[in-house]
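Visitor: Before I ask anything, let me first share the structure, which is written out below as structure tokens.
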Amino acid sequence: MPAAPSKRVKGTQIRRHFLIGNTAHVLPHPGFPDPPPDGHTKGWTVYVRPLPNGPDITTWLKKVQFKLHHTYADASRTIEAPGPFEVSETGYGEFGVEIRLYFAQESGEKAVYREHYLVLAPYGPDDQRARQERENKIVAERLETIEFNEPTQEFFKTLTSEDQFNWLKVKKGRGKGKKPDYIFEGAVEPTAQLPEKAMDPGQAGAGGAWSVQYERQVLAQLQQSGATLDQMIEEEKRGMEERRRRLEELGVAIGAK
Ligand code: SLL
């Protein structure tokens, strides 16, 4: 019998960023059946991935269910940790993939739902579209955020552990009963095919606001220490308190007229 979830850490939220998206290619393309099934013109992969420099998502993400269009024989595809959390298929049309994220047992959290609408055709500014055609590669991904509100003590421990960065590091040293050291050997390049700047949300084919520019911002943000964040929160709280006081004063002044 699973242990009852431990107590929750009050007043604490832990947030994680990750990517949901798809790649797509005109068939034939390496890695996809050749010849493709009748009428199938595109090969694609839908995925849930960590940020290039972010913490390991399998710390909190244990299972992903992708539900494809009903025209697929086995529409429900479930991938367990360690993943990769992705499904590759061939087909002819775009549709919304229903995605369910299942969390670590000790989190006590229910599964959450996301959707990703497949993008199979070139989109965005002319130069981006030209590149997508030239490379026969579409990437449509967006930044997602999950917030764990008042995590259980056990889950808090995994979410704050240094181990979740080990996948970015090189294992150094070995030995009997001796834990290896993990060395961080520098930043990973931003994702290859992101647009330089975010597109307008209204623009056709805009997979969301994810871009090289935004990726850099998020990576920089992730590198800030908890102390800096705490300080910002404190400042914000003081600012809010100040604004509240001023509003109150204003309210009193108006009331007094
Ligand atoms: C469209 N409304 O017509 C969408 C439907 C259907 C997607 C997309 C092939 C599945 C199979 C496939 O691409 N289905 O034959 O296994 O654009």
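The values are calculated or read from the model by the stated rules, or taken from the named source; none is laboratory data. The structure displayed is predicted, hence computed values, not measured ones. We place every Cβ from the backbone using ideal geometry, glycine too, and count neighbours over all the protein chains shown. Quick note on the areas: whole protein, heavy atoms, side chains included, nothing else; ligands and nucleic acids left out. Shrake-Rupley method; radii C 1.70, N 1.55, O 1.52, S 1.80 Å.
Visitor: Beta carbons within 10 angstrom, averaged per residue: use that to sort the peptides 95-105, 241-251, 144-154, 10-20, highest first.
Guide: 95-105, 144-154, 10-20, 241-251
Visitor: Still on this structure, please answer the following. How large is the accessible surface of Ser107 in square angstrom, using a 1.4 angstrom probe and rounding to the nearest 10?
Guide: Here the residue's solvent-accessible area equals roughly 0 Å².
Visitor: What accessible area per residue, rounded to a whole number of Å², is obtained for the range 54-94 using a probe radius of 1.4 Å?
Guide: Per residue, the range 54-94 has an accessible area of 48 Å².
Visitor: Using a 1.4 Å probe on the protein chains only, how many percent of the accessible area of the range 1-135 belongs to carbon and sulfur?
Guide: 51
Visitor: While we're on this one: What residues have an amide H closer than 5 Å to that of Val97, excluding those fewer than 5 places away on the same chain, when H is modeled at 1.01 Å from N in the peptide plane?
Guide: The answer is His116, Tyr117, Leu118.
Visitor: Note down the accessible area of Thr59, probe 1.4 Å, to the nearest 10 Å².
Guide: Rounded to the nearest 10, that gives 20 Å².
Visitor: Shifting gears a bit: Return the inverse of the average 1/r over all pairs of distinct C-alpha atoms in the range 23-166, which is the Kirkwood hydrodynamic radius, in Å to one decimal.
Guide: Radius from the Kirkwood sum: 17.0 Å.
Visitor: Given the pairs Lys10/Lys63; Lys42/Lys137; Lys7/Lys157; Lys10/Lys62, which span a C-alpha to C-alpha distance of over 20 angstrom in this model?
Guide: Result: Lys10/Lys63; Lys10/Lys62 exceed 20 Å.
Visitor: Then there is this: Where only protein heavy atoms count, and the probe is 1.4 Å, what is the accessible area per residue for the range 106-149 in Å²?
Guide: Spelled out: the 1.4 Å probe surface of the range 106-149, per residue, equals 52 Å².
Visitor: Here is a further query. May I ask you to order 25-32, 231-238 by the average number of other C-beta atoms within 10 Å around their residues, highest value first?
Guide: 25-32, 231-238
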